[in-house]
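These notes concern the structure reproduced below.
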Amino acid sequence: MKNFFDKFADGGLGITVLIFIALIVIVVLFIKELIKEGDREKIIKLISSIAWFAVAWGFLGRTIGLIKAFDTVQAAGELAPRMLAGGFKMALVGPIFGIFVFAIARIEMIILTIMQKKKE
């Protein structure tokens, strides 16, 4: 479990924490809709929007990580793999986590859509 939190922090806490919050909101909206049926269309659109935000935020983290890696190389004046490692880790963790959240949201949206179709 410690390794998971280390990788989570490698993505840049500003990036990964916000994506994690998006995951929590998506799951809470899904559970709330399962327990107390409301406007399913509205909830599905909201979950979709939050999921796309998670992906976009993850790719923003990728851009920041790459800039950080290249800034390190520029400041050092020479290329060494360990100089790039921190930036590259940050560049990869954010998008992977964002895509994971997106996949969870899509599964939830499919379930809600099926439930809505059965109700009609």
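The values are calculated or read from the model by the stated rules, or taken from the named source; none is laboratory data. None of the values given here were measured: they were computed from a predicted structure. Ideal geometry is used to build each Cβ from the backbone, glycine not excepted, and the neighbour counts take in all protein chains shown. Just so you know, the surface numbers come from the protein's heavy atoms only, side chains and all, with ligands and any DNA or RNA stripped out. Shrake-Rupley method; radii C 1.70, N 1.55, O 1.52, S 1.80 Å.
Taken over the alpha carbons of the chain as equal point scatterers, the Debye sum produces base-10 log I(q)/I(0) values at 0.20 Å⁻¹ of -0.97. Solvent-accessible surface of the chain, taken per residue with a 1.4 Å probe and all protein chains present: 63 Å².
Filter the DSSP H helices in the chain by two things, a Kyte-Doolittle mean of at least 0.5 and an axial alpha-carbon span of 15 angstrom or more, and list the hits by number. The partial results should precede the final answer.
Numbers: long enough: 13-35 (32 Å, 2.88); 40-76 (54 Å, 0.78); 81-119 (56 Å, 1.03).
Length and hydropathy pass: 13-35, 40-76, 81-119.
Inter-label distance, R40 to V28: 2.4 nm, where each label sits 7 Å from its Cα along the C-beta direction. Potential lengthening of the chain between V73 and S48 amounts to 5.2 nm, from the contour at 0.36 nm per residue minus the alpha-carbon distance.
So if each residue of separation counts as 0.36 nm, and I subtract the Cα-Cα distance between K119 and F20, what length gain in nm does that give? The partial results should precede the final answer.
Numbers: separation 99, 0.36 × 99 = 35.64 nm, distance 3.17 nm.
Taking 0.36 nm per residue and subtracting the Cα distance, the gain is 32.5 nm.
In whole percent, and with a 1.4 Å probe on the protein chains, what portion of the accessible area of the stretch 33-111 is carbon and sulfur?
On the way: 3400 of 4770 Å².
Accessible surface attributable to carbon and sulfur in the stretch 33-111 totals 71 percent.
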